[in-house]
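The values are calculated or read from the model by the stated rules, or taken from the named source; none is laboratory data. This one's a predicted model, so the numbers in the text were calculated from it and none came from an experiment. Cβ atoms come from the backbone with ideal geometry, glycine included; neighbour counts cover every protein chain shown.
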Amino acid sequence: MGRKYVFDFDSTLTRVEALDVLAEMSLQGRVNRQEVIDEIQKVTNLGIDGDISFTESLERRIRLLKAHQDHLPPLVKELRQKISKSISANKEFFEKFSDDIYVISCGFKEFIDPIVEEFNIPSDRVYANTFKFDDEGYIIGFDEANVLATHNGKIECLKQLDLQGEVQVIGDGYSDYVMREAGIAHKFFAYTENVHRDKAADNADHVTPNLDEFLFVNDLPRSLSYPKNRIKILLLENVHPVAFDNLSEDGFAVELVDKSLTEEELIEKIRGVHVLGIRSKTKVTKRVLDAANKLLVVGAFCIGTAQIDLDYCKKCGVVVFNAPYSNTRSVVEMAIGQIIMLMRFIFPRSTEMHSGRWNKTAAHSREVRGKNLGIVGYGNIGKQLSVLAEAMGMRVYYYDINDQLALGNAIKCDTLEDLLNVSDVVSLHIDDNPANHNFLGEREINQMRKGAFLVNLSRGFVLDIPVVAKALKEGRLMGAAIDVFPDEPKSNGKYISELQGLPNVILTPHIGGSTEEAQRNIADFVPNKIMDYVNSGNTFDAVNFPNIRLPKQQNAHRFLHIHRNVPGVMAHINEVLAHYEMNISGQYLSTDSEVGYVITDLDKDYNKEVIKALKKVDHTIKFRVLY
């Protein structure tokens, strides 16, 4: 006999309540339009939650609507744009199971029929109310003889249908739940993709945030092999709330934690997590990765990735993304500002004023125009700093261990010593490679011009802080701006440094990239990379993985296979696909010295045995079916 599936229409098949949309149209130009719309929505919710009878709710709304039959075609057009996202994505289910799908709604056939027809649901399996019109075409009421116009009318409607087999009801409101409560439906699924109603959710056999979840539970054809709401994302260190919004809106289950976690805390928390988002203070170690039984991807909401064991992530099949460009401008602007403030001795004058001393003097105060800026590390930040500094009239010199093309009139230095000898200001913008520990130590500081200035907005460990403090006290350095430190606390609070109290030293708590714009950019960039990988398998811009970027396929299944890069793996994968008669519509492989990553698109239904076989291929690290 099989199952029968009974769907609600408003706020289930569509994202909206149709009568609310009709009100927006019919009340155009009315002085009290918003007031009436608010009242209609209030009455709608009272009826949905069962706080007033449905008949009363319907009568009151139609009186308030003052709608005309001419409003119905544009209403249908609008509703077509308001189909629930996961409903639209799963038309295959409606097409394959059309004989077993019914719509029972307290809405109206005049607008429901043309919408569900596109999902292969004929009018004779749509049970809903119908409007009454006056001679001029205005809606004045509804067919009161229709059982669905009465309180708990859905119960009576379903009774009359006398469906055979297991009956499952999918809806968002009280009127859907009561069908199961009355014993004529076997299960009630509270559909919460568009609206979460506590009464419905609390009384549901299963809360389904989208149709993918409903289809997954029932092992039915679906657009995604694994519902997004089952993919758990853990965001640490108080990342920008836009990141939470972006990931949540895409359907993922997201948890926010406003601090970093110790290794032991993260080991405890990481089990069952598919995506981990961190900033600079949380360490993703081998022990953490061994405890991460479901981890697919790590997103670093910052530039640096030294806090992540990238090699072990790769061996575990965990892709890592960072934000190499998102805060570039913020760091550069801070460097420019600090250079100006150091050379003008702004901070000593400010400190004097705060202590009640007026000291108007030009001593040691210089313009930056015509001075030599030495940039150590000519990457994204170094290059942009070069352009802005030159625009202010500075002569720019740069040193980088890699061969970098000069921008503007910048001059490349062959050695670090050459740069230090010529620079009035040295600004550090080098990466987090452990080999850069104490990159500027006593020898290098002594090679700098006497009375030069030093700016570090890169990594704390690249600078020997005691040596810098000594050079400042002895007058070898005229000033310094330090934003990063070898040992930084995990949370805000007390901090002690040898540089505190020294004149013309600007100390900031690692805020070079901490602007609203930068954090917002990172909160867009990193989640987009995460979603692109989870949703489509794309690894473009990954820090530790072969890069593949592909469009999402609409009428295919996609297999993602990560394996050790040894001879014969691809041949074995294709032998398995051939054995199960899988027709490959596209296949893309990228490798590095350690891993291979292959995406295979298939244009037919797959035997689930093929998944087991692919997971057993020698040297497999991770295997995933996307859709």
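See the values below:
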read-out: Residue count, the range 48-65 (criterion: free of Cβ contacts under 8 Å to residues at least 60 places away in the same chain and in contact with a Phe, Trp or Tyr (Cβ under 7 Å, 6 or more places away or on another chain)); value: 0
read-out: Unique residue being small (Gly, Ala, Ser), in the same structural domain as Asn528 (by TED's automatic domain parsing) and crowded, with 17+ Cβ neighbours inside 10 Å when the list is Gly377, Gly317, Gly382; value: Gly317
read-out: Spans of helices (runs of 4 or more DSSP H) in the range 34-140 with at least 3 residues closer than 20 Å to Met179 by Cβ and modelled with pLDDT of 90 or more; value: 109-116
read-out: Residues satisfying the stated conditions in the range 119-135, i.e. in contact with a strand residue (DSSP E or B) (Cβ under 8 Å, 6 or more places away or on another chain) and charged (D, E, K, R); value: Arg125, Lys132, Asp134
read-out: Some residue of the range 361-374 being touching a strand residue (DSSP E or B) at 6+ places or on another chain (Cβ under 6 Å), of a type in the set (A, V, I, L, M), assigned to a loop (DSSP other than H, G, I, E, B) and surrounded by fewer than 23 Cβ atoms within 10 Å (Cβ to Cβ); value: no
read-out: Among (1) surrounded by fewer than 19 Cβ atoms within 10 Å (Cβ to Cβ); (2) in contact (Cβ under 8 Å) with a residue 12 or more places away in the chain; (3) of a type in the set (Gly, Ala, Ser); (4) at negative phi, the one test that Ser86 misses; value: (1)
read-out: Residue match in the range 155-178 (condition: surrounded by 20 or more Cβ atoms within 10 Å (Cβ to Cβ), assigned to a loop (DSSP other than H, G, I, E, B) and either modelled with pLDDT under 95 or in contact with a Gly (Cβ under 9 Å, 6 or more places away or on another chain) (or both)); value: yes
read-out: Spans of strands (runs of 3 or more DSSP E) in the range 412-509 with at least 2 residues of a type in the set (A, V, I, L, M), free of Cβ contacts under 8 Å to residues at least 60 places away in the same chain and in the same structural domain as Glu367 (by TED's automatic domain parsing); value: 425-428, 452-456, 477-482
read-out: Residues that are more than 30 Å from the chain's Cα centre (by Cα), closer than 23 Å to Val318 by Cβ and of a type in the set (D, E, K, R), drawn from the range 572-592; value: none
read-out: Checking Ser365 against (1) without any contact (Cβ under 8 Å) to a residue 12 or more places away in the chain; (2) over 30 Å from Ala323 (Cβ atoms), the condition it does not meet; value: (1)
read-out: The range 220-229, residues that are surrounded by fewer than 19 Cβ atoms within 10 Å (Cβ to Cβ) and either among the hydrophobic types (A, V, I, L, M, F, W, C) or not in a loop (DSSP other than H, G, I, E, B) (or both); value: Leu220
read-out: Residue that is nearest to His429 (Cα to Cα) [pool: residues in the range 378-403 that are assigned to a helix (DSSP H, G or I) and not small (Gly, Ala, Ser)]; value: Ile381
read-out: Output for the range 159-185, where each listed residue is of a type outside the set (Ser, Thr, Tyr) and within 18 Å of Asp10 (Cα to Cα); value: Gln168, Val169, Ile170, Gly171, Asp172, Gly173, Asp176, Val178, Met179
read-out: Top-ranked residue in the range 253-305 [being without any contact (Cβ under 8 Å) to a residue 40 or more places away in the chain and touching a strand residue (DSSP E or B) at 6+ places or on another chain (Cβ under 6 Å); ranked as nearest to Phe525 (Cα to Cα)]; value: Val298
read-out: Exclusive hit being of a type in the set (Asp, Glu) and more than 30 Å from Val43 (Cα to Cα), set Asp198, Asp205, Asp162; value: Asp162
read-out: Criterion: within 22 Å of Val298 (Cα to Cα), aliphatic (A, V, I, L, M) and either at pLDDT below 90 or over 18 Å from the mean Cα position of the chain (by Cα) (or both) - qualifying residue of Val526, Val595, Val566; value: Val595
read-out: Of the criteria (1) closer than 20 Å to Arg15 by Cβ; (2) surrounded by 18 or more Cβ atoms within 10 Å (Cβ to Cβ), which one Lys91 fails; value: (2)
